[in-house]
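The values are calculated or read from the model by the stated rules, or taken from the named source; none is laboratory data. Owing to the predicted nature of the structure, the values given are computational and were not obtained by experimental measurement. Here the Cβ positions follow ideal geometry from the backbone for every residue, glycine too, while neighbour counts run over all protein chains shown. Remember, those area values only see protein heavy atoms, side chains included, never the ligands or the DNA or RNA. Shrake-Rupley method; radii C 1.70, N 1.55, O 1.52, S 1.80 Å.
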Amino acid sequence: MQHFRLYIILFLIIPFTVFAEDGSQLWLRFPAKNGISADKILSKGNNPTLQIAKKELINYWQGQEIELRTDKSLKNLKGGYTIKSVQNKLVISAEKEIGLLYGVYHILRLQQTKSSITNLDITEKPSYDVRILNHWDNLDGTIERGYAGHSLWKWEDLPNTISPRYEEYARVNASIGINAAVLNNVNASPNMLRKDYLEKVKVLADIFRPYGIKVYLSVNFSSPKVLGGLENSDPLNREVQKWWKDKAAEIYKLIPDFGGFLVKANSEGQPGPQDYGRTHADGANMMADVLKPYGGIVMWRAFVYSPSKEDRAKQAYLEFVPLDGKFRDNVIIQIKNGPVDFQPREAFNPLFGALRKTPEMVEFQITQEYLGQANHLVYLAPLFKETLDSDTYSDGKNSTIAKITDGTLRPHTLTAIAGVANIGEDKNWTGHHFAQANWYAFGRLAWNHDLTSEQIADEWLKMTFNDDEKFLKPVKEMMLTSRETAVDYMMPLGLHHIFAGGHHYGPEPWGDYKGGRPDWSPVYYHQANQQGIGFDRTKSGSNAVANYFPPLNDIYGNIKTCPENLILWFHHVPWNYQMKDGKTLWEELSYKYDTGVKNVREYQKDWDKVQPFVDEERFQHIQAKLKIQARDAVWWKDACLLYFQTFSKMPIPYDIERPVYELDDLKKIKLNMGHHN
Ligand code: BDP
């Protein structure tokens, strides 16, 4: 009887729950297990990676016979692969097994997106050698700037208890070609290098290895002193060098294919070589030397700013350009896309191209620290592409950041690209279902930076949701415009860093934290006064424009030629300055904020209209998040316009919705979200 009742209940709920979705499957939503039989897969050997490739085919591939073939002559594909239709079968070839696994995920993607799988003749070669996620995960399980729950890494349970999510993580990353992960926060605890932690790291490395993922660690520059009890951590101290050498030996004994170190040194209070009067090169080279015999690398971050009065946007450039040519060849300088800090829009970082003899890599932020965190739908491929496609003019026209970093213009032994992960232990991995698209987009662009934002959105939507045009068209449009929309309601026209201090979620353009560094205050960045608004980075100001190669220095430096979407980044512009469309700057600013709000309201409508195409659980989750986003957009608009209006003294154009908040009330909002600066 009880059973019977259960049946009835199940019968009632099943239609809704079988397809109820918590998002945990991400984009890997293959039909129930019914792939081809093992005898339809031709392959040699029994390598663990090959076994995974075969398992995926047996579980999910519904097409023709497959041959998986390793072929040493394909070394030039750098881990890539070919897929060819040969008579009745598909032949996937690659130098190594990992290339075969990537090829298998490729055909599964074709199947899942209902693309043609006949007459295939595909050759894939990745844009970058190292396609790496940077986790800002702390050893206590918290995540710096993480918005999807606690860390996936259960340090207290390792090495004995193994979460099933470690392997799922590896598989998902392999499906998009990510092949490396830094496990811990750049603000690194020296304890990460303790023996007991390294033994835990080894377990993860062993799980990730068959999926082609190498493990890297962020290291604290003071480790020799703090952990090893040495007198100091001076890179020129022999004992310090020996400490690192022994540590490297210890690591490689446990993890023979360990990738290397990521280092945040002399930045935001972190220790570094400058504590001992040494340079970044001295510090990086010391580590590079101990890793070199094992094939390891050092990713040395350029996100530095010392307590000087210089414009923050110039500091990394000033510190690193004089060091060009002084780094070992297994050091790569990791540079944030913009010179300030992962803002909704920044001019690109002028260090790109400026280091002629030193390999450079881009660091993107996938986690949405400055883009509404896990509440706002902001698809980041357009931001990533904007950076990669930026022309630095370093080697003449068409010296894009993509070409500088992928080895096209500067042939280096190693190329890499990093993304600060947005992954946590939430069921859907990333907090917002659409934030999964940013993880996906980072992986896809790291593999092939020629893909367009639209292609990636299209693939991801088909795999993750639905391929019905009535769903795809509006939702793709929403994704593709979402980044610009966020820029519009947060900080249009080149405004930047007017976030509330600490959590960086909401607006606080009035923020003026006396006593701290001036460049931790929003007022430092927008410089609003009675005359106008914006940071003068021209010759009459900080002259940051001089860090750009000609003709960009002139283009940015001249208010007439500076792109309007960066005008307040480079210029202090009078409120009544006439913009290209004839409006005054004040009006333009007002309309931008308003457009941002209006677009989010449109997204809400668009999303409600596609309800029939989406499972109820994800539909509602996203609908609820869009409501928050719409409210936040109004909050941003009112806060910024009412505050800036105290300087401009001009009316908000009358066809714009009136503010609904009082500035004084908005100033009182203090979100209790923690964090230091
Ligand atoms: C900033 C974050 C801070 C990071 C820092 C970094 O606010 O939490 O530690 O970047 O990248 O964006 O080192």
Problem - Every pair of residues 6+ apart whose Cβ atoms lie under 6 Å, when the first sits in the range 492-507 and is closer than 11 Å to Lys670 by Cα while the second is assigned to a helix (DSSP H, G or I) - result: Pro507/Trp636; Pro507/Ala639; Pro507/Cys640
Practice task
Can you tell me which residue within the range 560-575, out of those that are touching a residue at least 60 places away in the same chain (Cβ under 8 Å) and farther than 17 Å from Tyr525 by Cβ, is least open to solvent (accessible area, probe 1.4 Å)?
Solution key: Trp575
Exercise for the section: Would you mind stating whether Phe613 is open to solvent by less than 30 Å² (accessible area, probe 1.4 Å) and touching a helix residue (DSSP H, G or I) at 6+ places or on another chain (Cβ under 9 Å)? Expected result: no
Problem - Where Leu472 falls short, out of the listed (1) within 22 Å of Val172 (Cα to Cα); (2) open to solvent by less than 10 Å² (accessible area, probe 1.4 Å); (3) not assigned by TED's automatic domain parsing to the domain that holds Gly141 - result: (1)
Exercise for the section: Being out of contact with any Asp or Glu (no Cβ under 7 Å at 6 or more places or on another chain) and farther than 18 Å from Thr49 by Cα is the filter here, so list the residues in the range 61-84 that pass it. Expected result: Gln62, Gly63, Gln64, Glu65, Ser73, Asn76
Problem - Condition check for Gly63: open to solvent by less than 80 Å² (accessible area, probe 1.4 Å), at positive phi and not in a helix (DSSP H, G or I) - result: no
Handout entry: Meets criteria (aliphatic (A, V, I, L, M), open to solvent by 10 Å² or more (accessible area, probe 1.4 Å) and either more than 16 Å from the ligand (Cβ to nearest atom) or in the same structural domain as Thr430 (by TED's automatic domain parsing) (or both)) for Leu262
Key = no
Handout entry: Test: Arg171 is in the same structural domain as Tyr276 (by TED's automatic domain parsing), in contact with a helix residue (DSSP H, G or I) (Cβ under 7 Å, 6 or more places away or on another chain) and not in a loop (DSSP other than H, G, I, E, B)
Key = yes
Problem - Only listed residue being farther than 18 Å from Met287 by Cβ, aromatic (Phe, Trp, Tyr) and within 13 Å of the ligand (Cβ to nearest atom), chosen from Phe348, Phe364 - result: Phe364
Fill in the blank from the handout: Considering residues that are outside any helix (DSSP H, G or I), of a type outside the set (D, E, K, R) and open to solvent by 60 Å² or more (accessible area, probe 1.4 Å), the number found within the range 230-249 is 1
Handout entry: When residues of the range 134-148 are limited to those that are touching a Phe, Trp or Tyr at 6+ places or on another chain (Cβ under 8 Å) and outside any loop (DSSP other than H, G, I, E, B), the one most open to solvent (accessible area, probe 1.4 Å)
Key = Ile143
Problem - Test: Ala148 is within 17 Å of Phe442 (Cβ to Cβ) and assigned by TED's automatic domain parsing to the domain that holds Gly372 - result: yes
Exercise for the section: May I ask you to verify whether Val215 is in a helix (DSSP H, G or I) and at pLDDT 95 or above? Expected result: no
Exercise for the section: Could you tell me whether Ala284 is under 30 Å from the mean Cα position of the chain (by Cα) and either more than 27 Å from Glu97 (Cα to Cα) or open to solvent by 10 Å² or more (accessible area, probe 1.4 Å) (or both)? Expected result: yes
Handout entry: Among (1) within 16 Å of the ligand (Cβ to nearest atom); (2) within 14 Å of the chain's Cα centre (by Cα); (3) within 28 Å of Asn543 (Cα to Cα) - the single one Pro339 does not satisfy
Key = (2)
Fill in the blank from the handout: Just one listed residue, out of Tyr603, Tyr643, is open to solvent by less than 40 Å² (accessible area, probe 1.4 Å), within 30 Å of Glu469 (Cβ to Cβ) and of a type in the set (Ser, Thr, Tyr), and it is Tyr603
Exercise for the section: Would you be able to say whether some residue in the range 52-75 is under 30 Å from Thr405 (Cα atoms), in contact (Cβ under 8 Å) with a residue 40 or more places away in the chain and not small (Gly, Ala, Ser)? Expected result: no
Completion exercise
If you go through Glu268, Glu231, Glu250, the only one that is within 16 Å of the ligand (Cβ to nearest atom), acidic (Asp, Glu) and assigned by TED's automatic domain parsing to the domain that holds Asp329 is Glu268
